[in-house]
Amino acid sequence: MKHLRLNKWLFFLPLLALQVTWYVALMSAYVSTPGKLEGADFLTYYAVGRVALQSGLDKVYDLSLAALAQAQTAGLSPGMQQVLPPNHPPFLYPILALLAYLPYRVAYFGYAALLYGLAATSLPVLVRTLRAMAWNLPALVLVSLSILLFEPFFISVLKGQDTAVLLLGGLLGLSGFLSEDDRLSGLGLSLTLIRPQIALGLALPFLFRRRKVLGWFVLGAVFLGLYSFLQVGWQGAIDYWHILTLSAQGEGYGMGETAMFNLLGLLRRLVPTLNPPLARLIGWGGYAATLVLLSAVWKVSRRLKSWHLALAVSLTLFAVPHLHYHDLALLLVPVLSTGVTGVRRTKGRWSDLQAAALPMMVSVLLLFSNLWDPARFTVPYLLMAIFPFLTWHYETR
C-alpha cells in the first residue's frame, strides 16, 4: 500500500513542478516587463492606501483622488489614463494604508504575501474537516498545496486582486457545510461579501433550508458592515454606492465585459452587435432568475447535500453580472465538493489522494486553456457545469 501511494505521488510531483515553474516564470516576466506591474490591478489598491494616508479612509472612494493617486504612482500626469475604480468593500484598506508607506514594488510583494496568508488561514479548518472524514496525511498535504497553487487564485495574486478574501470565505463556508457546522458556514460565507453579488447568490437560498447558516451570515455581514462604515463614514458610503452604480452600468475603465467569464460576457462575445444596455438587462435578469432558481431548489430539497453548495457557487459565478478570471478561484468549492463526495460515495474507486489532486489537475487544464484561445473561455464554462453535475451524480448514486 505504501509503495502504491509513493507511485501516485511520483505521478503528481511533475504536475506540481510544472505549476511552480510556470508561476515563477510568469511572475518574473510580470515584474520585469517595464510598465507591466505599474498597470496591474494592484495599482488600484496601492492608490487606495495612498489616498487613505493623505486624505483619510473616508476618502478612499473619491474617484478624483483615486485618479490623482493612480497617476502619481504610475508616473503620469493626472488625466493621462482612465481611473481604475476601487469598487470593493474596504475589508483590507487599513492594511493597504500601511503598505502604502512602502515603495510600490515592495508593497506589491508584501501584498502578495498577505493574500497567500489569508488563503492559508482556511487550510487548518478544512484539513480538520477532511481528517474527520478519514483523509490521511499525504492527501491533506496534497490538497493544501493544490489549493494554494490553484491557477485562478495565483492569477489573482499576480494581478494584485483581493480574491483571497473571497476564497477564504468560500473554503470556510465549504468546511462548515461539510461538517454541518452552521456557524462556521454562515460566518465563512459572510466573507464573500468582498463580492456582494456573489455573496447574495450563496446566502439567499439558505432562507429556505438550514436557516441558521443564513442567520450567522447576516451576523457576519452586520459586523463587516459596521467595520466598513466606521472606516469610510457616510460620505464614503455614498461614494461607494456611486461607484457600484457605475459598475452596474458597465462604465469605467477595467469593466471589460467582453472579457468576463459569465452570462454577460458570453452574450457580448456571441452577439457583438447586441446593444450593451440590453445585454446588461439580460445579464441582470439572468442573475435574478438564478437567485429564484437556487431558492426553489433549496425549498424543495428535504436535506442539503454537497451538490447544493457546488451548484450555488457555479450558477452564481455564471450569472453574476461582473466576473473576471481571478474570481474563478471560487471554483475550488465545487471541485473540492466533487472530490470529497467521490471518496465518500464511490466505495473505494476514488482515493483521498486522487481527490486531493483534483484542484491541481484542474489548474493544469486551465493553464493550458489560457494558451489556446478557443479554449480560453470554453473550459471555465465547462468546469462550472461539470463539477456540480459530478457532485450530484456521486451524491445520489
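FYI, it's all coordinate maths here, none of it is from the lab. Note that the coordinates shown come from a computational prediction; the quantities given were computed from them, not determined experimentally. Using ideal geometry, Cβ is built from the backbone for each residue, glycine included, and neighbour counts are taken over all protein chains shown.
Any idea what % of Cα-Cα pairs in the stretch 127-264 are farther than 24 Å? Roughly 44 percent, rounded to a whole number.
Please report, in debye to the nearest 20, how large the charge dipole of the stretch 119-202 is about its Cα centre when each Lys and Arg carries +1 at its beta carbon and each Asp and Glu carries -1 there.
100
Which entries of K305/K347; K159/K305; K212/K347 have Cα-Cα distances beyond 25 Å here?
Listed pairs above 25 Å: K159/K305; K212/K347.
Along the chain, the longest continuous region that contains none of the chymotrypsin sites (Phe, Trp or Tyr not before Pro) in a DSSP loop with at most 13 other C-beta atoms within 10 Å is 102-252. Potential lengthening of the chain between A385 and Y101 amounts to 97.8 nm, from the contour at 0.36 nm per residue minus the alpha-carbon distance. Arranged from fewest to most other beta-carbon atoms within 10 Å of their beta carbon, H393, H308 become H393, H308. Annotation: for a label point projected 7 angstrom from Cα along Cα→Cβ of L18, residues of the stretch 343-363 with backbone N closer than 20 Å are 353-363. When K305, K299 are sorted by how many other C-beta atoms sit within 10 angstrom of their C-beta, beginning with the fewest, the order is K299, K305.
The slack between E180 and S55, meaning 0.36 nm per residue of separation minus the straight C-alpha distance, is 40.5 nm.
Divide the volume of the convex hull around the Cα atoms of the stretch 56-132 by the residue count and you get 115 Å³ per residue. Kindly state, to the nearest 0.05, the FRET efficiency for A237 paired with A134, given R0 = 51 Å and r defined as their beta-carbon distance. E(calc), rounded to 0.05, equals 0.60. Spin-label pair A113-S64: with each label point 7 Å from Cα along the Cα-Cβ axis, the two points sit 3.8 nm from one another.
Applying 1/(1 + (r/R0)^6) with R0 = 22 Å to the Cβ-Cβ distance of L207 and T378 gives a FRET efficiency near 0.05.
Quick one: go through the stretch 382-397 and flag any residue whose amide nitrogen is under 18 Å from the point 7 Å out along the Cα-to-Cβ line of V300. Counting only backbone N, you get 389, 392-393, 396.
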